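Written below as structure tokens is the structure these notes are about.
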Amino acid sequence: MIEVRRLVKRFGLKTVLRGVDFHVEQGEFVALLGPNGAGKTTFLRILASLARPTLGEVRINGYLLPQQAAAVRQRLGVVSHLPLLYGDLTAEENLRFYGRLYGLDGLDGRVSELLARVGLAERRRDLVRTFSRGMQQRLAIGRALIHQPDVLLLDEPHTGLDQDACEMLDTILRDVAAQGQTVVMTSHDLARAEDLATRFDVLSRGVIVASAAAQALPPEGLLSFYRQALRAPAQKGAA
Amino acid sequence: MKPFLRTMGAIVWKDLAAEWRSREMISGMLVFALLVVFIFNFALELSPATRSSVTAGVLWVTFAFAGTLGLNRSMAAEKDRGCLDGLLLAPVDRTALYFGKMLSNLVFMLAVAVIVMPVYSVLYTVNLMQPGLWAVVALGSLGYVSVGTLLASMAVQARTRDILLPILLFPVLIPLLVAAVKASSGFLQAIPMEEIWPWLNLMIVYDVVFISTAFMVFEAVVEE
């Protein structure tokens with residue numbers, strides 16, 4: 001479960017997040033939408049314990065950030081548009097390396113299972129720098145899942161992927177969600193977000209301006225909801 | 001203690017395995033170091049009387065410049081593909097990450113020294129094969145990578161990291177380099193050990209101070 005209250009993040013004089021309230025239940029798949037510069041990546045970096053909040057309270061599974069960051073990190077997987085993988089190591093070595101950082105034992109079975117799950121079992125001994133962008137992103141998901149996290153954070157995971165790679169990624173994400181893991185994904189791809197998520201939050205100018213469950217979307221779909229949310233950010237943000 | 005050592009071991013293994021495959025860092029450092037050795041050899045045309053006093057300076061200038069290439073490359077490899085975030089996302093002691101990176105950098109630095117020193121010995125016709133001199137190289141390299149790894153972690157966050165690292169590093173290295181040159185020169189000229197000890201002591205104190213400082217501040221340096 002993720003609980004964020006009145007989160008403010010400032011970089012010098014620039015305020016990026018202006019009092020974000022955000023709540024995610026266990027097992028929800030939340031798509032965090034918003035225009036460029038809205039603060040989505042900053043928000044996700046704070047949830048991932050990679051950045052500190054200026055003000056406000058962030059709790060993940062009851063653990064407070066940044067005070068209990070180590071406990072949060074043990075339960076968190078992160079996928080960003082960068083793969084966070086070493087090009088000069090093989091797929092297997094990358095997973096094994098991250099597994100060791102998470103203090104996992106008996107890595108052989110876990111690594112094989114994950115490589116099969118992301119469809120890279122046959123490329124396990126190939127260097128990651130020889131992989132396509134799509135394959136790297138699939139392996140990045142394997143890396144994020146190595147320690148079986150309760151919460152998965154995805155920062156624009158479809159960026160730079162072709163159609164086939166996007167579909168393969170979506171299949172893996174549906175599989176992750178089906179296993180009851182909480183997922184928060186930022187995206188500019190509304191069609192994919194609508195297809196995957198169970199709830200949609202719109203972040204604009206540092207505040208959540210709208211939030212709706214998949215069942216509560218207007219008949220016109222997510223695009224209509226998104227445009228409507230961006231039209232009146234101040235009023236909804238204040239509310 | 002076990003998770004700390006396991007994290008350190010994982011980082012060192014990862015760095016060595018990646019370098020074994022690419023050989024980018026070692027080859028860059030090595031070619032640069034050998035070029036400096038050759039250029040100084042032709043530029044200085046040293047007489048036998050001055051050779052042993054000047055050679056130590058050449059040796060440490062070479063190590064210092066070649067070392068910055070390695071440090072920059074070592075941290076850039078973490079930053080460019082987002083791997084530094086990958087390390088920071090793991091529930092591990094940040095100082096274990098520092099010591100892992102520092103140990104890898106020390107291995108690379110010493111590997112370059114092992115190859116460059118015999119070439120020095122031939123070109124400058126000095127006996128570099130002395131245990132005391134190797135101890136100075138080990139102490140100097142340890143001090144160099146302890147402060148270098150810390151400052152490279154800071155510099156890598158900046159767009160101008162290639163320029164920033166030497167600007168930050170060399171002023172801080174001055175006491176270590178002075179002591180290393182004096183101690184190396186002492187061994188090459190076979191001066192009495194009691195005159196060399198103060199310089200060795202300075203290097204030991206420098207190493208302890210900067211390893212302790214890095215231990216205390218590394219977390220603050222790498223986290224936003």
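The values are calculated or read from the model by the stated rules, or taken from the named source; none is laboratory data. Keep in mind that what you see is a predicted model, and the values were worked out from it rather than measured. A quick note on method: Cβ atoms are made from the backbone with ideal geometry, for glycine too, and the neighbour counts reach across all protein chains shown. In case anyone asks, the SASA skips ligands and DNA or RNA and just uses the protein heavy atoms, side chains included. Shrake-Rupley method; radii C 1.70, N 1.55, O 1.52, S 1.80 Å.
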Task: Size of charge dipole - region A:76-218 - debye, nearest 20, with Cβ of Lys, Arg +1 and Asp, Glu -1, no other charges - done: 260
- [ ] Can you tell me the FRET efficiency between residue B:220 and residue A:129 if r is taken as the Cβ-Cβ distance and R0 is 35 Å, rounded to the nearest 0.05?
- [x] 0.60
- [ ] Place +1 on the Cβ of every Lys and Arg and -1 on the Cβ of every Asp and Glu in region A:157-232, take the dipole about the Cα centre, and give the residue among A:226, A:208, A:176 whose Cα lies farthest towards its positive end.
- [x] A:208
Open item on the list: Averaged across A:122-131, how many Cβ atoms of other chains sit within 10 Å of each residue's Cβ atom?
Closed with: 1
- [ ] Pick out, from B:54, B:30, B:9, the residue whose Cα sits farthest towards the positive end of the charge dipole of region B:1-98, with +1 on the Cβ of Lys and Arg and -1 on the Cβ of Asp and Glu.
- [x] B:9
Task: Which of A:185, B:82, B:192, positive extreme of dipole for the protein assembly as shown (C-beta unit charges) - done: A:185
TODO: Please report, in whole Å, how far the alpha carbons of the protein assembly as shown spread along each principal axis, starting with the longest.
DONE: 92, 50, 41
Task: trypsin sites (Lys or Arg not before Pro) restricted to DSSP loop in region B:141-224 with at most 14 other C-beta within 10 Å - done: B:159
Task: Mean residue ellipticity (222 nm) of chain B, computed from DSSP H runs ≥ 4 via -39,500 (n - 2.57), nearest 500 - done: -31000 deg cm²/dmol
Open item on the list: Can you give me the solvent accessible area of residue B:75 with a 1.4 Å probe, rounded to the nearest 10 Å²?
Closed with: 10
Task: Sparsely packed GluC sites (Glu not before Pro) within region A:1-51, loop by DSSP, other Cβ within 10 Å at most 13 - done: A:25
Task: residue A:113 - accessible surface, heavy atoms, 1.4 Å probe, Å² rounded to 10 - done: 90
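Divide the volume of the convex hull of the Cα atoms of region B:2-222 by its number of residues and quote the answer in cubic angstrom per residue.
119
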Open item on the list: Quick check: the angle from helix A:163-178's long axis to the longest principal axis of chain A, C-alpha only, nearest 10 degrees?
Closed with: 80
Task: For residue A:79, residues with placed amide H under 5 Å, excluding near neighbours - done: A:153, A:154, A:155
- [ ] List every DSSP H helix in chain B whose Cα atoms extend 27 Å or more along the helix's own long axis and whose mean Kyte-Doolittle hydropathy is at least 1.6.
- [x] B:24-44, B:161-188
Task: Relative contact order for chain A, counting Cα pairs under 8 Å that sit 6 or more residues apart, in percent - done: 27
TODO: State to the nearest 20 debye the size of the charge dipole of region A:77-148 about its Cα centre, where the only charges are +1 on K and R beta carbons and -1 on D and E beta carbons.
DONE: 200
TODO: Take the Cα of residue B:61, step 7 Å along the line toward its Cβ, and report every residue of region B:141-177 whose backbone nitrogen sits under 20 Å from that point.
DONE: B:141, B:144, B:166-177
Open item on the list: Suppose only helical runs count, i.e. DSSP H with n ≥ 4. What mean residue ellipticity at 222 nm does that imply for chain A under -39500 (n - 2.57) per run, divided by all residues and rounded to the nearest 500 deg cm²/dmol?
Closed with: -10500 deg cm²/dmol
- [ ] Mind jotting down a quarter of the surface of the convex hull over the alpha carbons of region A:77-148, in square nanometres, one decimal?
- [x] 4.1
Open item on the list: What are the ³J(HN,Hα) couplings of region A:71-86, residue after residue, when phi is run through the Karplus curve with 6.51, -1.76, 1.60 and θ = phi - 60°? Round to Hz, x for glycine and proline.
Closed with: 5, 5, 4, 5, 10, 10, x, 10, 10, 10, 6, 8, x, 6, 10, 8
Open item on the list: Kirkwood Rh over alpha-carbon pairs of chain A, then Stokes-Einstein at 10 °C and 1.306 mPa s: what D in µm² s⁻¹, rounded to an integer?
Closed with: 87
TODO: Could you order A:23, A:147 by accessible surface area, starting with the largest, using a probe radius of 1.4 Å?
DONE: A:23, A:147
Open item on the list: Between A:36, A:94, A:61, where does the largest GNM mean-square fluctuation fall for chain A, given springs only between Cα atoms within less than 10 Å?
Closed with: A:36
Open item on the list: Normalised radius of gyration for region B:102-224, please: alpha carbon Rg relative to 2.2 N^0.38 Å, two decimal places.
Closed with: 1.15
- [ ] Mind grabbing the accessible area of residue B:162 for me, 1.4 Å probe, Å², rounded to tens?
- [x] 100
Task: Only Lys, Arg (+1) and Asp, Glu (-1) charged, at Cβ; region B:2-222 dipole about Cα centre in debye - done: 420
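In whole percent, how big is the carbon plus sulfur part of the accessible area of the protein assembly as shown, probe 1.4 Å, protein atoms only?
Whole-percent figure for carbon plus sulfur exposure: 60.
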Open item on the list: If I model a spin label at residue A:18 and residue B:134 as a point 7 Å from the Cα along the Cα→Cβ vector, what separation in nanometres do I get?
Closed with: 6.6
